[in-house]
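Quick notes on the structure that follows.
The values are calculated or read from the model by the stated rules, or taken from the named source; none is laboratory data. Everything quoted here is computed from the prediction, not taken from an experiment. Counting neighbours? That spans all protein chains shown, and the Cβs are built from the backbone with ideal geometry, glycine included. To get the accessible areas, we keep the full protein, side chains included, count just its heavy atoms, and leave off ligands, DNA and RNA. Shrake-Rupley method; radii C 1.70, N 1.55, O 1.52, S 1.80 Å.
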Amino acid sequence: MALDEAKLHEFVGKAVGDMGAALGAALVVIGDKLGLYKAMAGAGALTPGELAKRTGTAERYIREWLAAQAAAGYIAFDAASGTYTLPPEQAFCLADETSPTFLPGGFQVAAAVIKDEPKIAEAFRTGKGVGWHEHDPGLFEGTERFFRPNYAANLVASWIPALDGVEEKLRRGARVADIGCGHGASTILLANAYPKSTFVGFDYHEPSISWARKAASRAGVAERVRFEVAASKSYPGTGYDLVAFFDCLHDMGDPVGAARHVRQSLAPDGTWLLVEPFANDEVQDNLNPVGRVFYSISTLVCTPNSLSKEVGLGLGAQAGEGRLREVLGQAGFTRVRRATETPFNLVLEARP
């Protein structure tokens, strides 16, 4: 087989870059966990010894970590002085947990799913699923830390206002159910924004519900927010003014069944807010950096979870609006529209 030497070199260079990125995920997790980025943010140029002293860590490890981060372009190195600086743009993404582009949670997810590779490889062989609850616990915390900044930036500011009449209901006082709530970040954000409304978050994963209850107490909203263990097809209650699904419908084994239950639980004039990862309908239109991340996490987490459940439809994180509309239509939703979008999200409004 004849090889194009230029293409070969190009691919090897790309693969080596990917190896560095994969290994670098662990280094970002370490930098986040040990407070290295936070210690560098706004501190100007630091020697390895100075950073080690600031963070109570060993200088020899810090020296190697800094060099790796500089090689990755995450930290700037000045050869003349032998010092390292965290540029403000990188600090915004790596050290500021209130930033809409705070990224360490995503690297935490990557580190967690790599640990679970043997389980996923075996699922490839058997066709069986791997449930969310079977993953490394770092996945649960990392997912919340990765998604929360995006929700904080968009949920109240743009997603809720894009829905027909919902914001006014929430201001007056509405009943809201957040399905697949995980650690409760989305539920608590809504509760903080709309103090006259009441909220309940449901998730089948009991450790996440326990975490969410503590988070609600810390946020001072526990009187208006409760969290319960329940599945998407059987959560209790009817007459909800708003039911919300944030980045979770595609993970479910029976999304049509879940959608039918949403329809039954809504008030006659209620609204279903469905937020899903952004995707075009055709695979070739998703072959880009964002699609790469979503297809990868879908292979490692979303699709295995769906295949572990009843029905096991396996929508995947890149289902696209067309496929999502099919699911909602099968469940009896006759009014579905794209309310808004971001580079990472499709935001659909559905009504019976």
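Relative to the first principal axis of the alpha-carbon coordinates of the chain, what is the inclination of helix 117-126, with its axis defined by its Cα atoms, in degrees from 0 to 90 and to the nearest 10? Approximately 50 degrees, to the nearest ten.
How much accessible area per residue does segment 1-123 have, counting only protein heavy atoms and a probe of 1.4 Å, in square angstrom?
Accessible area per residue: 58 Å².
Taking the average, over residues, of other Cβ atoms within 10 Å as the packing measure, peptides 270-281, 138-149 rank 270-281, 138-149 from highest down. Length available on full extension from L8 to A153: 0.36 nm per residue minus the Cα-Cα distance, which gives 48.0 nm. Solvent-accessible surface of segment 147-256, taken per residue with a 1.4 Å probe and all protein chains present: 39 Å².
Ranked from largest, the principal axis spans of the Cα set of segment 132-274 equal 40, 33, 25 Å.
If you take the Cα centroid of segment 256-305 and the Cα centroid of segment 83-112, the two points sit 26 Å apart.
Compute the normalised compactness of the chain: alpha-carbon radius of gyration over 2.2 N^0.38 Å, N being the residue count.
Computed over Cα atoms of the chain, the ratio equals 1.08.
The residues neighbouring F344, those whose beta-carbon lies less than 12 Å from its own, together hold a net charge of -3 under the Lys/Arg +1, Asp/Glu -1 convention.
I'd like the carbon and sulfur percentage of the solvent accessible area for the chain, probe radius 1.4 Å, heavy atoms only, ligands and nucleic acids excluded. Exposed carbon and sulfur together represent 57 percent of the surface.
Distance from the C-alpha centroid of segment 198-243 to that of segment 136-152: 17 Å, rounded to the whole angstrom. Counted by Cβ distance under 13 Å from R335, the other residues give a net charge of +2, where Lys and Arg count +1 and Asp and Glu count -1. Per-residue extension of 0.36 nm, minus the Cα-Cα distance of A70 and L23, leaves a gain of 15.5 nm for this segment. Distance between the modelled labels on Q264 and V290, one decimal in nanometres: 3.5 nm (7 Å Cα→Cβ projection).
Between amide H atoms placed 1.01 Å from N, distances below 5 Å from N345 occur with F278, all of them 5 or more places distant or on a separate chain. Which angle between 0 and 90 degrees, to the nearest 10, do you get for helix 5-33 versus the longest principal axis of the chain when only C-alpha atoms count? Its long axis makes an angle of about 80 degrees.
Computed over the chain, relative contact order equals 12 percent, with contacts defined as Cα pairs under 8 Å that lie 6+ residues apart. Histogrammed with a bin width of 5 Å, the alpha carbon distances of segment 119-210 distribute as 2, 12, 19, 20, 15, 12, 8, 6, 4, 2, 0 percent, first bin at zero. Using the structure shown, list the pairs from K119/K309; K33/K309; K7/K119; K115/K233; K33/K115; K233/K309 with a Cα-Cα distance above 23 Å, or answer none. Pairs exceeding 23 Å: K33/K309; K7/K119; K115/K233.
Here's the list of lysines a cross-link from K169 could span, going by alpha-carbon distance under 19 Å and ignoring same-chain residues fewer than 8 apart: K196. Label sites at A43 and A121, each approximated as a point 7 angstrom past Cα along Cα to Cβ, lie 3.8 nm apart. Given R0 = 56 Å, the distance between the Cβ atoms of I114 and R171 translates into a calculated FRET efficiency of 0.80.
Looking at the chain only, what percent of DSSP beta bridges run antiparallel? Nearest 5 please. Antiparallel bridges make up about 45 percent of those DSSP assigns within the chain. Working from Cα positions, state the angle (0 to 90°, nearest 10) between the long axis of helix 206-219 and the longest principal axis of the chain. On a 0 to 90 degree scale, this one is about 80. If you take every residue apart from A58 with its C-beta less than 15 Å away from the C-beta of A58, what net charge results, scoring Lys and Arg +1 and Asp and Glu -1? Overall, the nearby charge balance is +2. In this simple spin-label approximation, R60 and A79 carry label points 7 Å from Cα along the Cα→Cβ vector, and these lie 2.6 nm apart.
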